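As structure tokens, the structure follows; a few thoughts come after it.
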Amino acid sequence: METRRKLDALQNIVVGCHKCPRLVAYLQEVSQHKPRRYREWDYWSRPLPSFGDPDARVLIIGLAPAANGGNRTGRMFTGDRSGEWLFNALYEFSFANQPNSLRRDDGFKLNDCYITATIRCAPPKNKPLPDEIENCRPYFLKELDLLKNIEVFIPLGQIAFTQTLKCLRLKGLEIPPLSFGHGKVYPIPNGQTIVTTYHPSQQNTQTGKLTRAMFHQIFRMARKRLEG
Ligand code: SF4
């Protein structure tokens with residue numbers, strides 16, 4: 001209960017964050033230029049809180065919210081195409097109670113899993129600037145302190161992988177240089193494990209670089225690690 005309270009307090013701070021002027025301005029612009037299919041939506045257009053099970057053993061690290069996905073609905077990955085892939089895979093391996101989530105009030109729940117991101121505001125063209133990643137890093141570092149049961153990290157894509165390594169090293173772990181690829185399993189000195197995957201972006205899923213089978217394999221490996 002204490003962990004949940006502290007995580008909630010942290011997420012309240014995140015939602016009120018204005019550290020990146022470019023992103024604050026961009027979120028306002030997005031909500032003023034909605035695509036026709038979403039014109040009835042009242043866009044969230046603030047930083048997105050992380051969410052999930054405070055006792056989670058699996059931590060998923062995304063890149064950044066999608067301007068018309070999570071940034072619209074108010075919850076990471078909710079209502080966007082990457083989320084459709086991610087939630088489907090989580091459901092398949094019992095980390096979620098339903099195979100998709102289109103709104104943040106639809107009863108979707110994560111089990112033994114927590115979702116965070118490298119940055120919490122949607123960036124233009126899905127490309128955060130290095131300074132923006134720096135600005136947002138303290139929130140992730142704080143989550144690493146609070147989420148005490150994590151056994152498996154699943155960073156989605158190369159940037160999230162690089163940033164996860166950086167944060168773990170900042171926490172004092174001596175991790176050698178590791179190469180990115182899909183489906184690599186890296187045990188780290190404190191007994192935790194990093195499992196790498198390509199990001200389920202449309203750029204990867206529509207070109208076949210990432211297939212459903214490849215993506216599900218990642219969560220199968222995570223489940224196996226948890227079962228020892
Ligand atoms: S990206 Fe992170 S640090 Fe920058 S404004 Fe959003 S929440 Fe704050």
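Values quoted throughout were computed directly from the atomic coordinates according to the rules given, and no laboratory measurement underlies them. Everything numeric here is computed off the predicted structure, so don't read it as measured data. Positions of Cβ are backbone-derived with ideal geometry, glycine not excepted, and every protein chain shown enters the neighbour counts.
At-a-glance table
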| quantity | calculated |
| --- | --- |
| Top-ranked residue in the stretch 30-49 [being charged (D, E, K, R) and in contact (Cβ under 8 Å) with a residue 24 or more places away in the chain; ranked as surrounded by the most Cβ atoms within 10 Å (Cβ to Cβ)] | R46 |
| Candidate set: the stretch 9-39, residues that are under 20 Å from I119 (Cβ atoms) and charged (D, E, K, R); chosen: the one nearest to the ligand (Cβ to nearest atom) | K19 |
| Neighbours by Cβ (under 7 Å, 6+ apart or cross-chain): first from the stretch 15-29, outside any helix (DSSP H, G or I); second of a type in the set (D, E, K, R) and within 9 Å of the ligand (Cβ to nearest atom) | C20/E132 |
| Leading residue by the ranking (nearest to T196 (Cα to Cα)) among those in the stretch 118-163 that are part of a loop (DSSP other than H, G, I, E, B), in contact with a strand residue (DSSP E or B) (Cβ under 7 Å, 6 or more places away or on another chain) and hydrophobic (A, V, I, L, M, F, W, C) | I150 |
| Enumeration of residues in the stretch 203-228 that are polar (S, T, N, Q) and surrounded by 15 or more Cβ atoms within 10 Å (Cβ to Cβ) | N204, T205, Q217 |
| Residue in the stretch 50-61 that is among the basic types (K, R), within 15 Å of the ligand (Cβ to nearest atom), crowded, with 18+ Cβ neighbours inside 10 Å and within 18 Å of the chain's Cα centre (by Cα) present | no |
| Of residues in the stretch 70-117 being outside any helix (DSSP H, G or I) and among the basic types (K, R), the one farthest from the ligand (Cβ to nearest atom) | K109 |
| Matching option when the condition is of a type in the set (D, E) and out of contact with any Leu (no Cβ under 9 Å at 6 or more places or on another chain), among D106, D112, D55 | D106 |
| Cβ pairs under 7 Å, 6+ apart, first in the stretch 110-130 and under 14 Å from A160 (Cβ atoms), second near the ligand (Cβ under 9 Å from one of its atoms) and acidic (D, E) | I119/E132; P123/E132 |
| Sole residue being out of contact with any Gly (no Cβ under 9 Å at 6 or more places or on another chain), within 23 Å of L146 (Cβ to Cβ) and basic (K, R), chosen from K184, K224, K171, K209 | K171 |
| Single condition P128 does not satisfy, out of (1) more than 18 Å from L59 (Cβ to Cβ); (2) more than 16 Å from the ligand (Cβ to nearest atom); (3) of a type outside the set (A, V, I, L, M, F, W, C); (4) crowded, with 20+ Cβ neighbours inside 10 Å | (2) |
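A quick yes/no check of all residues on (1) in contact (Cβ under 8 Å) with a residue 12 or more places away in the chain; (2) within 16 Å of the ligand (Cβ to nearest atom); (3) within 25 Å of C121 (Cα to Cα):
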| residue | (1), (2), (3) |
| --- | --- |
| C136 | yes, yes, yes |
| F140 | yes, yes, yes |
| V152 | yes, no, yes |
| T162 | yes, no, yes |
| L168 | yes, no, yes |
| I175 | yes, no, no |
| F180 | yes, no, yes |
| Q192 | yes, no, no |
| S201 | yes, no, yes |
